[in-house]
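S.K.: So that we are looking at the same thing, I have put the structure below in structure tokens.
The values are calculated or read from the model by the stated rules, or taken from the named source; none is laboratory data. Fair warning: this is a prediction, and the values are worked out from it, not measured in the lab. Cβ atoms come from the backbone with ideal geometry, glycine included; neighbour counts cover every protein chain shown.
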Amino acid sequence: MARLTKEARGRAAEYFAEAVTSGNTLAPFPPELAPRTTTEGARIAERLLATLGLAPVGVRLAPAPAALGGALVAGPVLGHRLLQSPTAMPPFHRVVATAAIVAQLGKPLPARERRYGLRHVIARIATLHPAIDVAASRFSAGAPDLPCHLADLCGLGVVVFGRQARAGWQEAIATPRTVRASGAADWRGTVDVGAALLDAAEAAREAGGLPAGAVLVIAGLSPPLGEGEVTVSITSLGSAALAAG
């Protein structure tokens, strides 16, 4: 299987950039531009951000579309896609909203060989926020495979975050928290927030670590919540709200 050339990755990035800037959706990649591996997909995403003049501000861990298996995959977070609650549902294509958490680092997560421990991660978090992740796709019919999903910034839409959790959240997340969603879809479940934070931190470690001020986003803490108004509340941590567009 031949690898994409640097020129082909650049053309693929330009193909995506037009969709991002215009809001138009795309047909599947032409065969000569389609990434064959997840590594190629991630490299196209890097070229896309460079083409748009954007730099990631953190790592977002989110489930791939159900049609692609639904496994958690790590992609970039962009500063202008982090929106304070409440905000309106953006006019994106193939949106999927799920409960989420946003953590902003007060200290860096360093690059290292061994895995982080949860206490190590918590000690580096300055603020923790309940959130709603709104995934989207630049493909008209959705990404045809996982490499294309990674090239599409892992479905990044926007992340709507609520007020920071009050003092004591470090102790609160020692046990699973109750998550409630109301509005377009009503749902209630429990989430191990500590384990979710550790998963996102591990994704950041594998990507080379993160500096102080960067963010970790953990999406997919609930089933899809519909496309209308929705409020997500996490016991002891707070809430975030998404209004109808």
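S.K.: From the set of residues in the stretch 80-102 that are exposed (fewer than 13 other Cβ atoms within 10 Å of the Cβ) and over 29 Å from S236 (Cβ atoms), which is farthest from the chain's Cα centre (by Cα)?
M.R.: P91
S.K.: Which of the residues belonging to the stretch 210-235 are assigned to a loop (DSSP other than H, G, I, E, B), more than 16 Å from the chain's Cα centre (by Cα) and modelled with pLDDT of 95 or more?
M.R.: Residues satisfying the conditions are P211, A212, G213, T235.
S.K.: Being touching a residue at least 24 places away in the same chain (Cβ under 8 Å), closer than 19 Å to V20 by Cβ and of a type outside the set (D, E) is true for just one of V102, V179, V121, V158. Which residue is that? Steps first, please.
M.R.: Numbers: V102 fails: closer than 19 Å to V20 by Cβ; V179 fails: closer than 19 Å to V20 by Cβ; V121 fails: closer than 19 Å to V20 by Cβ.
None of the others qualify; the one that does is V158.
A quick yes/no check of all residues on (1) of a type in the set (A, V, I, L, M); (2) assigned to a strand (DSSP E or B); (3) modelled with pLDDT of 85 or more:
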residue: E46; (1), (2), (3): no, no, yes
residue: L54; (1), (2), (3): yes, no, yes
residue: A62; (1), (2), (3): yes, yes, yes
residue: A111; (1), (2), (3): yes, no, yes
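S.K.: Still on this structure: Kindly indicate which of P76, P35, P130 is assigned to a loop (DSSP other than H, G, I, E, B), of a type outside the set (V, I, T) and surrounded by 21 or more Cβ atoms within 10 Å (Cβ to Cβ).
M.R.: On the way: P76 fails: assigned to a loop (DSSP other than H, G, I, E, B); P130 fails: assigned to a loop (DSSP other than H, G, I, E, B).
None of the others qualify; the one that does is P35.
S.K.: I would also like to ask the following. Is it true that A62 is small (G, A, S) and either within 19 Å of A8 (Cα to Cα) or surrounded by fewer than 19 Cβ atoms within 10 Å (Cβ to Cβ) (or both)? Break it down into steps so the answer makes sense when it comes.
M.R.: Working: small (G, A, S): yes; either within 19 Å of A8 (Cα to Cα) or surrounded by fewer than 19 Cβ atoms within 10 Å (Cβ to Cβ) (or both): no.
Spelling it out, it is not the case that A62 is small (G, A, S) and either within 19 Å of A8 (Cα to Cα) or surrounded by fewer than 19 Cβ atoms within 10 Å (Cβ to Cβ) (or both).
S.K.: Scan A195, A174, A200 and give me the residue that is more than 24 Å from Q84 (Cβ to Cβ) and either surrounded by 15 or more Cβ atoms within 10 Å (Cβ to Cβ) or more than 20 Å from the chain's Cα centre (by Cα) (or both).
M.R.: Numbers: A195 fails: either surrounded by 15 or more Cβ atoms within 10 Å (Cβ to Cβ) or more than 20 Å from the chain's Cα centre (by Cα) (or both); A200 fails: more than 24 Å from Q84 (Cβ to Cβ).
That would be A174, the only listed residue that is more than 24 Å from Q84 (Cβ to Cβ) and either surrounded by 15 or more Cβ atoms within 10 Å (Cβ to Cβ) or more than 20 Å from the chain's Cα centre (by Cα) (or both).
S.K.: On the basis of being over 22 Å from L72 (Cβ atoms) and in contact with a helix residue (DSSP H, G or I) (Cβ under 6 Å, 6 or more places away or on another chain), does Q170 make the cut? Before the answer, list the steps.
M.R.: On the way: over 22 Å from L72 (Cβ atoms): yes; in contact with a helix residue (DSSP H, G or I) (Cβ under 6 Å, 6 or more places away or on another chain): yes.
For Q170, the condition - over 22 Å from L72 (Cβ atoms) and in contact with a helix residue (DSSP H, G or I) (Cβ under 6 Å, 6 or more places away or on another chain) - is met.
S.K.: Which of the following residues is in contact (Cβ under 8 Å) with a residue 12 or more places away in the chain and touching a strand residue (DSSP E or B) at 6+ places or on another chain (Cβ under 8 Å): A184, A172? Before you say what the answer is, go through the steps one by one.
M.R.: On the way: A172 fails: touching a strand residue (DSSP E or B) at 6+ places or on another chain (Cβ under 8 Å).
When all the criteria are applied, what remains is A184.
S.K.: Does A66 satisfy the criteria of being over 13 Å from the mean Cα position of the chain (by Cα), more than 19 Å from A19 (Cα to Cα) and free of Cβ contacts under 8 Å to residues at least 12 places away in the same chain? Don't jump to the end; show me each part of the working.
M.R.: Numbers: over 13 Å from the mean Cα position of the chain (by Cα): yes; more than 19 Å from A19 (Cα to Cα): yes; free of Cβ contacts under 8 Å to residues at least 12 places away in the same chain: yes.
So A66 passes the test.
S.K.: Looking at the stretch 6-29, which of the residues that are part of a loop (DSSP other than H, G, I, E, B) and out of contact with any Lys or Arg (no Cβ under 9 Å at 6 or more places or on another chain) is surrounded by the fewest Cβ atoms within 10 Å (Cβ to Cβ)?
M.R.: Taking the stretch 6-29 as the starting set, the residues that turn out to be part of a loop (DSSP other than H, G, I, E, B) are 23-25, 27-29.
Now narrow it down to the ones that are out of contact with any Lys or Arg (no Cβ under 9 Å at 6 or more places or on another chain): 23, 27-29.
Values: G23: 12, A27: 9, P28: 15, F29: 22.
Among those that are part of a loop (DSSP other than H, G, I, E, B) and out of contact with any Lys or Arg (no Cβ under 9 Å at 6 or more places or on another chain), it is A27.
S.K.: Being modelled with pLDDT under 95, closer than 15 Å to A203 by Cα and either in contact with a helix residue (DSSP H, G or I) (Cβ under 7 Å, 6 or more places away or on another chain) or crowded, with 21+ Cβ neighbours inside 10 Å (or both) narrows it down to one of L105, L118, so name that one.
M.R.: On the way: L105 fails: modelled with pLDDT under 95.
Of L105, L118, the one residue that is modelled with pLDDT under 95, closer than 15 Å to A203 by Cα and either in contact with a helix residue (DSSP H, G or I) (Cβ under 7 Å, 6 or more places away or on another chain) or crowded, with 21+ Cβ neighbours inside 10 Å (or both) is L118.
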